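Notes to accompany the following structure.
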Amino acid sequence: MGAARTPEGEASGSEGDGGGRHGDRDGDLAGPGVGGEVGAVTDATPAGGRGAQLARTGLRSGWTTGACATAASTAAYTALLTGGFPDPVRITLPKGRTPAFALAVEDLAPDGSTATVGVVKDAGDDPDVTHGALVRSTVRRLPPGSGVRFVAGPGVGTVTRPGLPLEVGEPAINPVPRRLMREHLTEVAVVHDDGAPDREPDVEVTISVDHGEEIARSTWNPRLGILGGLSILGTTGVVVPYSCSAWIDSIRRGVDVALAAGRTHLAACTGSTSERTVLAEYGVPEDALLDMGDFAGAVLKYVRRHPAPRLTICGGFAKLSKLAVGHLDLHSARSAVDKGFLAELARRGGAGDDLVAAVAGANTGLDALQRCRAAGVPLGDLVAVEARDQALAVLRGAPVAVDVVCVDRAGTVVGRSPVRGPAPT
(Lines give C-alpha, C1' and ligand atoms only; values in the text may rest on other atoms or scores of the structure.)
Protein backbone atom coordinates (compact mmCIF):
# COMPACT_ATOMS: atom_id res chain seq x y z
CA MET A 1 0.00 0.00 0.00
CA GLY A 2 1.23 3.48 -0.80
CA ALA A 3 1.71 5.87 2.02
CA ALA A 4 -0.44 8.75 2.97
CA ARG A 5 -0.17 12.32 2.03
CA THR A 6 -0.49 15.91 3.03
CA PRO A 7 -3.84 17.64 3.09
CA GLU A 8 -4.06 19.05 -0.40
CA GLY A 9 -2.57 18.72 -3.82
CA GLU A 10 1.09 18.57 -4.60
CA ALA A 11 3.47 18.97 -1.74
CA SER A 12 6.92 20.44 -1.82
CA GLY A 13 8.66 17.16 -1.85
CA SER A 14 8.55 13.59 -0.89
CA GLU A 15 5.75 13.76 1.61
CA GLY A 16 2.62 14.70 -0.24
CA ASP A 17 0.67 14.15 -3.38
CA GLY A 18 3.34 14.14 -6.00
CA GLY A 19 5.65 12.99 -3.25
CA GLY A 20 5.78 9.27 -3.83
CA ARG A 21 5.29 6.40 -1.45
CA HIS A 22 5.45 8.13 1.88
CA GLY A 23 4.04 11.26 3.36
CA ASP A 24 2.80 13.27 6.26
CA ARG A 25 -0.93 12.77 5.83
CA ASP A 26 -1.54 15.86 7.83
CA GLY A 27 -4.60 15.86 10.04
CA ASP A 28 -5.83 17.60 13.12
CA LEU A 29 -6.27 14.89 15.72
CA ALA A 30 -3.57 13.98 18.19
CA GLY A 31 -3.21 13.91 21.90
CA PRO A 32 -0.43 15.16 24.14
CA GLY A 33 2.47 12.90 24.84
CA VAL A 34 5.30 11.32 22.92
CA GLY A 35 3.81 9.76 19.80
CA GLY A 36 0.28 9.59 18.45
CA GLU A 37 -2.87 8.19 19.94
CA VAL A 38 -5.49 5.72 18.90
CA GLY A 39 -8.68 7.34 17.66
CA ALA A 40 -11.59 6.51 19.93
CA VAL A 41 -15.19 7.69 19.79
CA THR A 42 -15.98 9.75 22.88
CA ASP A 43 -18.44 12.44 23.84
CA ALA A 44 -15.87 14.94 22.58
CA THR A 45 -15.44 13.25 19.21
CA PRO A 46 -16.58 15.50 16.34
CA ALA A 47 -19.79 14.40 14.64
CA GLY A 48 -18.30 14.57 11.17
CA GLY A 49 -15.25 15.35 9.10
CA ARG A 50 -11.77 13.96 9.48
CA GLY A 51 -11.84 13.99 13.28
CA ALA A 52 -14.80 11.63 13.47
CA GLN A 53 -13.46 9.46 10.67
CA LEU A 54 -10.10 9.00 12.39
CA ALA A 55 -11.92 7.97 15.56
CA ARG A 56 -13.90 5.39 13.62
CA THR A 57 -10.81 3.81 12.06
CA GLY A 58 -9.21 2.99 15.40
CA LEU A 59 -5.83 3.91 13.92
CA ARG A 60 -3.11 5.78 15.84
CA SER A 61 -2.15 9.24 14.66
CA GLY A 62 1.46 10.47 14.50
CA TRP A 63 3.59 13.56 13.95
CA THR A 64 4.83 15.22 10.79
CA THR A 65 8.45 15.93 9.96
CA GLY A 66 7.61 19.61 10.42
CA ALA A 67 6.44 19.00 13.99
CA CYS A 68 9.57 16.96 14.72
CA ALA A 69 11.81 19.69 13.29
CA THR A 70 10.01 22.32 15.37
CA ALA A 71 10.45 20.30 18.56
CA ALA A 72 14.13 19.66 17.84
CA SER A 73 14.78 23.32 17.02
CA THR A 74 12.99 24.52 20.16
CA ALA A 75 15.04 22.24 22.38
CA ALA A 76 18.31 23.05 20.61
CA TYR A 77 17.83 26.81 20.92
CA THR A 78 16.87 26.44 24.58
CA ALA A 79 20.09 24.52 25.19
CA LEU A 80 22.09 27.13 23.28
CA LEU A 81 20.78 29.82 25.67
CA THR A 82 20.70 27.88 28.93
CA GLY A 83 23.09 24.96 28.58
CA GLY A 84 20.26 22.53 29.41
CA PHE A 85 18.11 20.41 27.11
CA PRO A 86 14.36 20.28 27.89
CA ASP A 87 13.43 16.59 27.67
CA PRO A 88 10.73 16.06 26.67
CA VAL A 89 10.15 19.28 24.79
CA ARG A 90 6.61 20.47 24.29
CA ILE A 91 5.38 22.50 21.31
CA THR A 92 2.08 24.06 20.26
CA LEU A 93 0.66 23.01 16.90
CA PRO A 94 -1.57 25.17 14.67
CA LYS A 95 -4.79 23.58 15.96
CA GLY A 96 -3.75 24.23 19.56
CA ARG A 97 -2.56 20.74 20.47
CA THR A 98 0.56 20.52 22.63
CA PRO A 99 2.47 17.27 22.06
CA ALA A 100 5.72 16.51 23.86
CA PHE A 101 8.71 14.90 22.15
CA ALA A 102 11.49 12.83 23.72
CA LEU A 103 15.00 13.82 22.69
CA ALA A 104 17.01 11.08 20.99
CA VAL A 105 20.14 13.21 20.44
CA GLU A 106 21.56 16.04 22.57
CA ASP A 107 24.83 17.75 21.68
CA LEU A 108 26.10 21.11 22.92
CA ALA A 109 29.38 22.27 21.36
CA PRO A 110 32.15 22.70 23.96
CA ASP A 111 32.42 26.38 23.10
CA GLY A 112 28.64 26.82 23.25
CA SER A 113 28.47 27.97 19.63
CA THR A 114 25.94 25.36 18.45
CA ALA A 115 23.40 22.99 19.90
CA THR A 116 21.95 19.93 18.15
CA VAL A 117 18.86 17.93 19.02
CA GLY A 118 17.44 14.85 17.31
CA VAL A 119 13.83 13.67 17.48
CA VAL A 120 12.59 10.34 16.12
CA LYS A 121 9.55 10.67 13.90
CA ASP A 122 6.57 8.59 15.01
CA ALA A 123 4.07 8.35 12.14
CA GLY A 124 1.57 6.38 14.23
CA ASP A 125 -0.20 3.73 12.16
CA ASP A 126 0.53 5.50 8.88
CA PRO A 127 2.55 3.39 6.38
CA ASP A 128 5.15 6.11 6.04
CA VAL A 129 8.75 5.30 5.12
CA THR A 130 9.90 8.24 7.24
CA HIS A 131 8.49 6.51 10.33
CA GLY A 132 11.41 6.09 12.72
CA ALA A 133 13.60 8.60 10.90
CA LEU A 134 15.82 10.78 13.07
CA VAL A 135 15.10 14.47 12.41
CA ARG A 136 17.90 16.74 13.66
CA SER A 137 18.14 20.47 14.19
CA THR A 138 21.38 22.36 14.75
CA VAL A 139 21.03 25.96 15.92
CA ARG A 140 23.80 28.57 15.96
CA ARG A 141 23.84 32.29 16.53
CA LEU A 142 24.03 34.82 13.69
CA PRO A 143 24.96 38.52 13.71
CA PRO A 144 22.27 40.93 14.95
CA GLY A 145 19.64 41.67 12.35
CA SER A 146 20.02 38.36 10.54
CA GLY A 147 16.73 36.87 11.70
CA VAL A 148 16.06 33.14 11.39
CA ARG A 149 17.86 31.48 8.47
CA PHE A 150 17.05 27.91 7.38
CA VAL A 151 19.65 25.55 5.93
CA ALA A 152 19.23 22.10 4.42
CA GLY A 153 21.52 19.69 6.22
CA PRO A 154 22.30 16.12 5.18
CA GLY A 155 19.17 14.25 4.14
CA VAL A 156 17.04 17.35 3.45
CA GLY A 157 16.48 18.33 -0.16
CA THR A 158 16.95 21.57 -2.05
CA VAL A 159 14.41 22.95 -4.53
CA THR A 160 15.85 23.13 -8.07
CA ARG A 161 12.71 23.67 -10.20
CA PRO A 162 9.83 26.17 -10.15
CA GLY A 163 6.23 25.28 -9.39
CA LEU A 164 6.56 24.40 -5.70
CA PRO A 165 5.67 26.52 -2.65
CA LEU A 166 9.36 27.43 -2.24
CA GLU A 167 11.73 29.38 -4.43
CA VAL A 168 14.43 27.62 -6.43
CA GLY A 169 17.55 27.21 -4.30
CA GLU A 170 15.65 27.09 -1.00
CA PRO A 171 15.86 24.19 1.46
CA ALA A 172 12.84 21.91 1.10
CA ILE A 173 11.37 23.05 4.39
CA ASN A 174 7.79 24.02 3.69
CA PRO A 175 6.17 27.33 4.72
CA VAL A 176 4.14 26.11 7.71
CA PRO A 177 7.03 24.28 9.40
CA ARG A 178 9.17 27.39 8.86
CA ARG A 179 6.50 29.52 10.51
CA LEU A 180 6.16 27.10 13.42
CA MET A 181 9.90 27.09 14.01
CA ARG A 182 10.11 30.88 13.85
CA GLU A 183 7.26 31.22 16.36
CA HIS A 184 8.74 28.75 18.82
CA LEU A 185 12.25 30.17 18.56
CA THR A 186 10.85 33.64 19.18
CA GLU A 187 9.01 32.38 22.27
CA VAL A 188 12.22 30.84 23.60
CA ALA A 189 14.09 34.09 22.96
CA VAL A 190 11.48 36.08 24.88
CA VAL A 191 11.51 33.69 27.83
CA HIS A 192 15.29 33.82 28.09
CA ASP A 193 15.67 37.51 27.20
CA ASP A 194 17.73 36.89 24.06
CA GLY A 195 17.49 39.90 21.78
CA ALA A 196 14.67 42.36 21.21
CA PRO A 197 11.25 41.09 22.33
CA ASP A 198 9.51 42.47 19.22
CA ARG A 199 11.43 40.49 16.61
CA GLU A 200 12.63 36.98 15.89
CA PRO A 201 16.05 35.84 17.11
CA ASP A 202 19.18 35.86 14.96
CA VAL A 203 19.95 32.18 14.46
CA GLU A 204 20.74 29.69 11.73
CA VAL A 205 18.65 26.51 11.84
CA THR A 206 20.03 23.50 9.96
CA ILE A 207 17.55 20.65 9.58
CA SER A 208 18.80 17.20 8.62
CA VAL A 209 17.34 13.71 8.44
CA ASP A 210 19.51 10.65 8.95
CA HIS A 211 19.50 8.55 5.75
CA GLY A 212 17.16 11.11 4.21
CA GLU A 213 18.86 11.09 0.82
CA GLU A 214 18.51 7.33 0.62
CA ILE A 215 14.85 7.44 1.69
CA ALA A 216 14.13 10.18 -0.87
CA ARG A 217 15.06 7.83 -3.71
CA SER A 218 11.79 6.01 -2.97
CA THR A 219 9.83 9.22 -3.47
CA TRP A 220 9.01 11.60 -6.28
CA ASN A 221 11.40 14.26 -4.97
CA PRO A 222 13.96 13.73 -7.76
CA ARG A 223 11.21 13.99 -10.38
CA LEU A 224 9.99 17.23 -8.80
CA GLY A 225 13.49 18.66 -8.79
CA ILE A 226 14.00 18.40 -5.04
CA LEU A 227 17.50 17.01 -4.77
CA GLY A 228 19.61 15.75 -1.92
CA GLY A 229 16.95 14.40 0.41
CA LEU A 230 13.48 14.65 1.86
CA SER A 231 11.16 17.57 2.47
CA ILE A 232 10.08 18.89 5.86
CA LEU A 233 6.29 19.09 5.69
CA GLY A 234 3.09 19.48 7.62
CA THR A 235 0.27 22.00 7.92
CA THR A 236 -1.27 20.87 11.21
CA GLY A 237 1.66 18.86 12.55
CA VAL A 238 -0.36 15.66 12.90
CA VAL A 239 -0.19 12.60 10.65
CA VAL A 240 -3.62 11.07 10.11
CA PRO A 241 -3.07 7.33 9.54
CA TYR A 242 -4.03 5.87 6.23
CA SER A 243 -5.68 2.49 5.67
CA CYS A 244 -7.69 1.86 2.52
CA SER A 245 -10.31 -0.43 4.03
CA ALA A 246 -10.60 1.48 7.32
CA TRP A 247 -10.84 4.86 5.65
CA ILE A 248 -13.40 3.75 3.06
CA ASP A 249 -15.51 2.26 5.83
CA SER A 250 -15.26 5.53 7.75
CA ILE A 251 -16.45 7.44 4.67
CA ARG A 252 -19.51 5.22 4.45
CA ARG A 253 -20.28 5.70 8.12
CA GLY A 254 -19.87 9.45 7.64
CA VAL A 255 -22.49 9.44 4.89
CA ASP A 256 -24.80 7.37 7.07
CA VAL A 257 -24.44 9.78 9.99
CA ALA A 258 -25.09 12.82 7.79
CA LEU A 259 -28.19 11.33 6.19
CA ALA A 260 -29.55 10.16 9.54
CA ALA A 261 -29.22 13.76 10.76
CA GLY A 262 -31.28 14.94 7.81
CA ARG A 263 -28.43 16.71 6.03
CA THR A 264 -29.20 17.65 2.44
CA HIS A 265 -25.80 19.06 1.48
CA LEU A 266 -22.72 16.85 1.94
CA ALA A 267 -19.16 18.05 1.39
CA ALA A 268 -16.39 15.62 0.46
CA CYS A 269 -12.92 17.06 1.09
CA THR A 270 -9.42 15.86 0.31
CA GLY A 271 -7.99 17.18 3.58
CA SER A 272 -8.07 19.70 6.39
CA THR A 273 -7.40 22.75 4.21
CA SER A 274 -10.34 22.02 1.92
CA GLU A 275 -12.52 21.30 4.96
CA ARG A 276 -11.84 24.81 6.21
CA THR A 277 -12.65 26.24 2.79
CA VAL A 278 -15.97 24.39 2.62
CA LEU A 279 -16.94 25.56 6.08
CA ALA A 280 -16.12 29.16 5.14
CA GLU A 281 -17.85 29.00 1.76
CA TYR A 282 -20.98 27.04 2.62
CA GLY A 283 -21.30 26.84 6.39
CA VAL A 284 -22.33 23.18 6.26
CA PRO A 285 -22.75 21.42 9.63
CA GLU A 286 -19.77 19.46 10.85
CA ASP A 287 -21.58 16.14 10.50
CA ALA A 288 -22.06 16.84 6.78
CA LEU A 289 -18.29 16.85 6.19
CA LEU A 290 -16.70 13.76 4.64
CA ASP A 291 -12.94 13.32 4.71
CA MET A 292 -12.67 11.85 1.24
CA GLY A 293 -8.88 11.90 1.14
CA ASP A 294 -7.81 10.05 -2.00
CA PHE A 295 -10.97 7.97 -2.20
CA ALA A 296 -13.19 9.90 -4.60
CA GLY A 297 -14.60 6.67 -5.98
CA ALA A 298 -15.59 5.41 -2.53
CA VAL A 299 -17.55 8.59 -1.84
CA LEU A 300 -19.31 8.69 -5.20
CA LYS A 301 -20.24 5.01 -5.30
CA TYR A 302 -21.67 5.08 -1.77
CA VAL A 303 -23.56 8.32 -2.37
CA ARG A 304 -24.92 6.77 -5.56
CA ARG A 305 -26.55 4.08 -3.40
CA HIS A 306 -27.38 6.46 -0.54
CA PRO A 307 -28.06 9.81 -2.25
CA ALA A 308 -28.17 13.27 -0.75
CA PRO A 309 -29.67 16.17 -2.71
CA ARG A 310 -26.31 17.93 -3.08
CA LEU A 311 -22.66 16.96 -2.94
CA THR A 312 -19.79 19.44 -3.00
CA ILE A 313 -16.34 18.03 -3.74
CA CYS A 314 -13.53 20.27 -2.55
CA GLY A 315 -9.82 19.61 -2.77
CA GLY A 316 -6.40 20.55 -3.98
CA PHE A 317 -6.12 21.50 -7.64
CA ALA A 318 -3.66 18.73 -8.47
CA LYS A 319 -5.75 16.00 -6.87
CA LEU A 320 -8.95 17.13 -8.52
CA SER A 321 -7.22 17.32 -11.89
CA LYS A 322 -6.86 13.54 -11.53
CA LEU A 323 -10.60 13.18 -10.91
CA ALA A 324 -11.16 15.37 -13.97
CA VAL A 325 -9.34 12.77 -16.08
CA GLY A 326 -11.43 9.97 -14.58
CA HIS A 327 -9.20 8.63 -11.80
CA LEU A 328 -11.23 7.61 -8.76
CA ASP A 329 -8.18 6.86 -6.56
CA LEU A 330 -6.25 10.10 -6.21
CA HIS A 331 -3.19 8.76 -4.36
CA SER A 332 0.10 9.70 -5.97
CA ALA A 333 1.23 6.08 -6.09
CA ARG A 334 -1.80 5.08 -8.16
CA SER A 335 -2.55 8.11 -10.32
CA ALA A 336 -0.55 11.07 -11.59
CA VAL A 337 -1.29 14.59 -12.77
CA ASP A 338 -1.77 14.44 -16.55
CA LYS A 339 0.03 17.50 -17.92
CA GLY A 340 -1.12 16.71 -21.46
CA PHE A 341 -4.73 16.82 -20.30
CA LEU A 342 -4.11 20.13 -18.52
CA ALA A 343 -2.50 21.49 -21.69
CA GLU A 344 -5.58 20.54 -23.73
CA LEU A 345 -7.85 22.19 -21.17
CA ALA A 346 -5.69 25.31 -21.33
CA ARG A 347 -6.05 25.36 -25.10
CA ARG A 348 -9.84 25.14 -24.72
CA GLY A 349 -9.60 28.05 -22.31
CA GLY A 350 -7.89 30.24 -24.87
CA ALA A 351 -4.20 29.52 -24.27
CA GLY A 352 -1.85 30.07 -27.19
CA ASP A 353 0.63 27.53 -28.46
CA ASP A 354 3.47 28.74 -26.23
CA LEU A 355 1.39 28.50 -23.06
CA VAL A 356 -0.01 25.13 -24.07
CA ALA A 357 3.54 23.83 -24.49
CA ALA A 358 4.57 25.34 -21.16
CA VAL A 359 1.66 23.63 -19.38
CA ALA A 360 2.47 20.30 -21.01
CA GLY A 361 6.05 20.63 -19.76
CA ALA A 362 5.22 22.07 -16.33
CA ASN A 363 7.06 20.68 -13.33
CA THR A 364 3.88 20.27 -11.25
CA GLY A 365 0.16 20.89 -11.44
CA LEU A 366 0.70 24.02 -9.37
CA ASP A 367 3.23 25.25 -11.92
CA ALA A 368 0.69 24.72 -14.73
CA LEU A 369 -2.01 26.51 -12.75
CA GLN A 370 0.20 29.49 -11.97
CA ARG A 371 1.23 29.89 -15.60
CA CYS A 372 -2.40 29.86 -16.72
CA ARG A 373 -3.55 32.27 -14.04
CA ALA A 374 -0.83 34.71 -15.03
CA ALA A 375 -2.12 34.57 -18.61
CA GLY A 376 -5.78 34.90 -17.61
CA VAL A 377 -6.64 31.32 -18.62
CA PRO A 378 -9.17 29.83 -16.13
CA LEU A 379 -7.53 26.41 -15.81
CA GLY A 380 -8.86 25.93 -12.28
CA ASP A 381 -12.47 26.43 -13.39
CA LEU A 382 -11.98 24.13 -16.36
CA VAL A 383 -10.59 21.37 -14.14
CA ALA A 384 -13.48 21.83 -11.68
CA VAL A 385 -16.07 21.46 -14.46
CA GLU A 386 -14.41 18.32 -15.83
CA ALA A 387 -14.15 16.82 -12.32
CA ARG A 388 -17.82 17.57 -11.68
CA ASP A 389 -18.84 15.85 -14.91
CA GLN A 390 -16.74 12.79 -14.07
CA ALA A 391 -18.43 12.66 -10.65
CA LEU A 392 -21.86 12.85 -12.24
CA ALA A 393 -20.93 10.01 -14.58
CA VAL A 394 -20.03 7.81 -11.59
CA LEU A 395 -23.31 8.74 -9.87
CA ARG A 396 -25.18 7.33 -12.91
CA GLY A 397 -28.27 9.45 -12.61
CA ALA A 398 -28.65 9.26 -8.83
CA PRO A 399 -30.66 12.24 -7.53
CA VAL A 400 -27.57 14.20 -6.49
CA ALA A 401 -26.53 17.65 -7.71
CA VAL A 402 -22.75 18.14 -7.72
CA ASP A 403 -20.34 21.04 -7.70
CA VAL A 404 -16.55 21.02 -7.42
CA VAL A 405 -14.23 23.55 -5.77
CA CYS A 406 -10.44 23.52 -6.33
CA VAL A 407 -8.17 25.14 -3.76
CA ASP A 408 -4.47 25.87 -3.47
CA ARG A 409 -2.31 24.93 -0.49
CA ALA A 410 -3.46 27.99 1.44
CA GLY A 411 -7.13 27.14 0.94
CA THR A 412 -7.74 29.90 -1.61
CA VAL A 413 -10.34 28.94 -4.20
CA VAL A 414 -8.60 28.64 -7.59
CA GLY A 415 -11.39 26.94 -9.52
CA ARG A 416 -15.11 26.34 -9.22
CA SER A 417 -17.81 24.61 -11.24
CA PRO A 418 -21.48 25.46 -11.35
CA VAL A 419 -23.85 23.06 -9.59
CA ARG A 420 -25.24 20.44 -11.95
CA GLY A 421 -27.10 17.17 -11.80
CA PRO A 422 -28.28 14.60 -11.84
CA ALA A 423 -26.77 13.37 -15.10
CA PRO A 424 -29.11 11.55 -17.48
CA THR A 425 -28.80 7.79 -17.43
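The values are calculated or read from the model by the stated rules, or taken from the named source; none is laboratory data. Predicted model, so just to flag it, every value in this text is computed and none were measured. Using ideal geometry, Cβ is built from the backbone for each residue, glycine included, and neighbour counts are taken over all protein chains shown. Surface accessibility is based on the protein's heavy atoms, side chains included, excluding ligands, DNA and RNA. Shrake-Rupley method; radii C 1.70, N 1.55, O 1.52, S 1.80 Å.
Roughly speaking, what % of Cα-Cα pairs in region 279-333 are separated by over 14 Å, rounded to a whole number?
57
Per residue, what volume in Å³ does the Cα convex hull of region 91-152 take up?
Taking the convex hull of the Cα positions in region 91-152, it is 135 Å³ per residue.
Any chance you could list the semi-axes, whole Å, largest first, of the equivalent ellipsoid that the Cα gyration tensor gives for region 67-196, using √(5λ)?
23, 19, 15
In the structure displayed, which of LYS95/LYS121; LYS121/LYS322; LYS319/LYS339 lie more than 23 Å apart, Cα to Cα?
Beyond 23 Å between Cα atoms: LYS121/LYS322.
Using the Karplus equation 6.51 cos²θ - 1.76 cosθ + 1.60 (θ = phi - 60°), what ³J(HN,Hα) coupling, rounded to whole Hz, does each residue of region 389-399 give in order, writing x for Gly and Pro?
5, 5, 4, 4, 5, 5, 5, 6, x, 4, x
Order the peptides 170-182, 225-237 from the highest to the lowest mean number of other Cβ atoms within 10 Å of their residues.
225-237, 170-182
Name the residues whose placed amide hydrogens come within less than 5 Å of the amide hydrogen of GLY397, ignoring near sequence neighbours (fewer than 5 apart) on the same chain.
ALA423
Bin width 5 Å, origin at 0, all Cα-Cα pairs of region 215-318: what percent of pairs per bin?
Per 5 Å bin, starting at zero, the Cα-Cα P(r) for region 215-318 comes out as 2, 11, 20, 19, 18, 11, 7, 6, 4, 1, 0 percent.
Just to compare against my own numbers: the Cα pair-distance distribution for region 179-220, 5 Å bins, whole % per bin, please.
Result returned by the calculation: 5, 20, 21, 13, 9, 10, 10, 8, 4.
Quick one: check the C-alpha center-to-center distance for region 131-205 versus region 275-334, whole angstrom.
Centre-to-centre (Cα) distance: 35 Å.
With only alpha-carbon atoms counted, please give the Rg and Dmax of region 267-425, in Å.
14.9, 46
Rounded to whole Hz and in sequence order, give me ³J(HN,Hα) for region 175-182 from the Karplus expression 6.51 cos²θ - 1.76 cosθ + 1.60, θ = phi - 60°, writing x for Gly and Pro.
Once θ is set to phi - 60°, the couplings for region 175-182 become x, 5, x, 4, 5, 4, 5, 4 Hz.
Percent of accessible area on region 126-255 owned by carbon and sulfur, 1.4 Å probe?
Result for region 126-255: 51 percent of the exposed heavy-atom area is carbon or sulfur.
Any idea how far the Cα center of region 60-124 sits from the one of region 382-425, in Å?
Centre-to-centre distance over Cα atoms comes out at 43 Å.
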